[in-house]
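Undergrad: Submitted below is the structure of interest, expressed as structure tokens.
The values are calculated or read from the model by the stated rules, or taken from the named source; none is laboratory data. All of these numbers come straight from a predicted model, not from anything done at the bench. Heads up, the Cβs are rebuilt from the backbone with ideal geometry, glycines too, and the neighbour counts pull from every protein chain shown.
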Amino acid sequence: MTTNLADKLHRIEADQGQIDQVLLNLYVNAWQAIQDFHKSGRLTIETTNIEIDNQNHLQLTPGSYVKITISDNGCGMNKETQKRIFEPFFSTKQRGSGSGLGLSSVYGIIQNHGGMVTVYSEIKLGSTFNIFLPAVTKKAVIEEKSKQKITSGQGTILLVDDEAIVREVNEEIIAALGY
């Protein structure tokens, strides 16, 4: 694994947990592609600041972006597969080896952050995913964990669920809160 991370990277406004999920999904896919093709392989992660102008083919709003590139030297994908990889439930893996939701969720998360994800791949050469996230000028805010105390109450709550375990767990929680 190699990294080439830019100094003074622009800030982005993002949900850290969701971006972690995006990266994890891409790392796992790269690992699987390498494992299927090599005994050992290469995973490269790069970050850079870029400017997108009016002439961009990505259909992104012109402006400053952070680009995250994840490349592997795994088995690669044909053009037909590349056209479908962001579809929910599409998978090249055998049944039971994956849900086909990893890259679909990557696509959705990046879209929801105002960005774009692209893929370039060649059979036997590997794949490269580029993530473009819009830069912001806001100061970084680190969310603090809530120090708020859980408020208890009283009264009666009707809890309905068709799964006994869900009812039992929720019943205990509600009872602990005084209901």
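Undergrad: GLY155 fails exactly one of the following numbered conditions: (1) part of a loop (DSSP other than H, G, I, E, B); (2) in the same structural domain as ILE12 (by TED's automatic domain parsing); (3) of a type in the set (Gly, Ala, Ser). What is the number of that condition?
TA: Exception for GLY155: condition (2).
Undergrad: Got a sec? Which of ILE131, ILE142, ILE173, ILE165 is within 33 Å of the chain's Cα centre (by Cα), of a type outside the set (Lys, Arg), loosely packed, with under 10 Cβ neighbours inside 10 Å and not in a loop (DSSP other than H, G, I, E, B)?
TA: Working: ILE131 fails: loosely packed, with under 10 Cβ neighbours inside 10 Å; ILE142 fails: not in a loop (DSSP other than H, G, I, E, B); ILE173 fails: loosely packed, with under 10 Cβ neighbours inside 10 Å.
It is ILE165.
Undergrad: Scan (1) at pLDDT 85 or above; (2) surrounded by 14 or more Cβ atoms within 10 Å (Cβ to Cβ); (3) over 19 Å from the mean Cα position of the chain (by Cα); (4) not acidic (Asp, Glu) for the single condition ILE45 breaks and write down its number.
TA: So the condition that ILE45 fails would be (3).
Undergrad: Hey, another quick one. Among (1) polar (S, T, N, Q); (2) more than 30 Å from LYS8 (Cβ to Cβ); (3) touching a residue at least 40 places away in the same chain (Cβ under 8 Å); (4) loosely packed, with under 13 Cβ neighbours inside 10 Å, there is one condition THR156 misses while meeting the rest; what is its number?
TA: Every condition holds for THR156 apart from (3).
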